[in-house]
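Student: Structure in structure tokens, see below.
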Amino acid sequence: MRFASGSATRRRALAALPALLLSGPPVHRAVASERMAAQSVGIDQPSIGNIVWGAGERCDPTDQSCRQGGETSDSALAVAAPPRKLKTISDRVALSISISGQAAGTIVLGLSRDAAPESVDAFVRLARGAYTTQPGEAPASLERSTCVRLARDEVVVLGALSDAGGTTKIVPGRTRPVYTPVQPAATTDANDLSHDAAGLLTVRRGGRSFEFGLTAGASPSLDGEGLVIGEVLEPEGMALISRLNALPTDNYKRAPMAKVRVERAQALT
């Protein structure tokens with residue numbers, strides 16, 4: 001439709017445009033409001049970005065009954081017994097875990113230097129907050145590290161460090177100091193232990209990574225790149241792994257929808 005220049009009809013139509021543009025269907029505003037409210041419930045993983053968890057019917061991902069897809073389940077989680085796979089335990093490390101800022105429990109790990117001496121030494125030093133590879137570095141620590149990804153019924157991968165230590169130096173030709181975090185060292189450990197049970201502590205074969213995994217089930221596919229260096233010692237730790245394994249994840253990086261963090265790492269021996 002065209003309006004004659006200066007006509008009263010044209011002026012009335014133009015005056016009505018702002019109200020029409022700003023009003024919009026009320027149902028659309030209500031749905032958007034529900035999505036924003038649901039998106040903020042229990043979801044504090046920055047890597048998720050702008051993924052909308054869903055409308056009001058989606059469950060809180062921090063709730064123990066919340067499952068993948070935002071559905072609630074009344075069925076109890078299956079909890080395996082501690083694996084009891086290692087012949088010797090040389091060191092013990094306790095990891096206090098939180099889910100979305102709420103204390104979830106502690107996992108006590110037994111490590112074997114007979115199975116992997118270099119990898120166990122590195123893990124224990126990291127748990128003590130004393131891991132360095134170069135003189136003068138501030139040490140790296142496992143405390144406040146977070147979950148990297150969750151492969152359902154296979155492995156929960158942690159070790160994204162928040163406190164990576166390192167050094168800050170003045171470099172000629174650079175206007176600002178250059179920060180370099182502690183770099184994980186290579187290792188030469190090797191053993192024939194298989195990832196054939198839940199509750200095993202595994203690291204990358206050959207080192208050069210701070211990431212570590214806790215198996216949530218038999219995962220022989222990890223035998224190639226992974227190296228078993230320890231195991232969960234107590235039923236409480238196995239129950240916590242089952243809970244982590246059941247957390248809803250995003251469909252991209254397979255990161256938990258609720259942040260999983262190591263609040264405290266402690267070398268017990």
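The values are calculated or read from the model by the stated rules, or taken from the named source; none is laboratory data. Just so you know, these numbers come straight off a predicted model, no measurement behind them. In this analysis, Cβ positions are derived from the backbone assuming ideal geometry, glycine residues included, and neighbour counts consider all displayed protein chains.
Student: Within segment 250-269, work out how many residues are more than 12 Å from V157 (Cα to Cα), modelled with pLDDT of 95 or more and not hydrophobic (A, V, I, L, M, F, W, C).
Tutor: Residues that pass the stated criteria total 3.
Student: Out of (1) under 19 Å from L158 (Cα atoms); (2) of a type in the set (D, E); (3) modelled with pLDDT under 50, the odd one out for E34 is which?
Tutor: It fails just one condition, (1).
Student: Further question: Restricting attention to segment 192-238, report how many residues are assigned to a strand (DSSP E or B), of a type in the set (A, V, I, L, M) and either within 18 Å of V148 (Cβ to Cβ) or modelled with pLDDT under 95 (or both).
Tutor: 6
Student: Please go through segment 179-206 and pick out each residue that is farther than 14 Å from A116 by Cβ and among the hydrophobic types (A, V, I, L, M, F, W, C).
Tutor: If the condition is that a residue be farther than 14 Å from A116 by Cβ and among the hydrophobic types (A, V, I, L, M, F, W, C), then V182, A197, A198 are the ones that fit.
Student: Could you tell me which residue of segment 84-120 is farthest from the chain's Cα centre (by Cα), considering only residues that are assigned to a loop (DSSP other than H, G, I, E, B) and within 22 Å of V148 (Cβ to Cβ)?
Tutor: Among those residues, the one meeting the criterion is A116.
Student: Just to check your reading of the model, which residue among A116, A138 is buried (at least 19 other Cβ atoms within 10 Å of the Cβ), more than 27 Å from N251 (Cα to Cα) and either touching a residue at least 12 places away in the same chain (Cβ under 8 Å) or not charged (D, E, K, R) (or both)?
Tutor: On inspection, the qualifying residue turns out to be A116.
Student: For segment 150-177, enumerate the residues that are out of contact with any Asp or Glu (no Cβ under 9 Å at 6 or more places or on another chain) and within 22 Å of E231 (Cβ to Cβ).
Tutor: Selection gives L150, A151, R152, D153, E154, V155, V156.
Student: Shifting gears a bit: So, V124, is that one of a type in the set (V, I, T), surrounded by 16 or more Cβ atoms within 10 Å (Cβ to Cβ) and more than 21 Å from the chain's Cα centre (by Cα) or not?
Tutor: Against the criterion (of a type in the set (V, I, T), surrounded by 16 or more Cβ atoms within 10 Å (Cβ to Cβ) and more than 21 Å from the chain's Cα centre (by Cα)), V124 does not qualify.
Student: Residue under question is A197, and the condition is that it be among the aliphatic types (A, V, I, L, M), out of contact with any helix residue (DSSP H, G or I) (no Cβ under 6 Å at 6 or more places or on another chain) and surrounded by fewer than 17 Cβ atoms within 10 Å (Cβ to Cβ); does it hold?
Tutor: No.
Student: Okay, moving on. Is there a residue being surrounded by 15 or more Cβ atoms within 10 Å (Cβ to Cβ), at pLDDT 95 or above and not in a strand (DSSP E or B) anywhere in segment 175-182?
Tutor: Yes, segment 175-182 contains a residue that is surrounded by 15 or more Cβ atoms within 10 Å (Cβ to Cβ), at pLDDT 95 or above and not in a strand (DSSP E or B).
Student: Also, quick follow-up: Consider segment 239-269. How many of its residues are of a type in the set (A, V, I, L, M, F, W, C) and in a strand (DSSP E or B)?
Tutor: Qualifying residue count, segment 239-269: 4.
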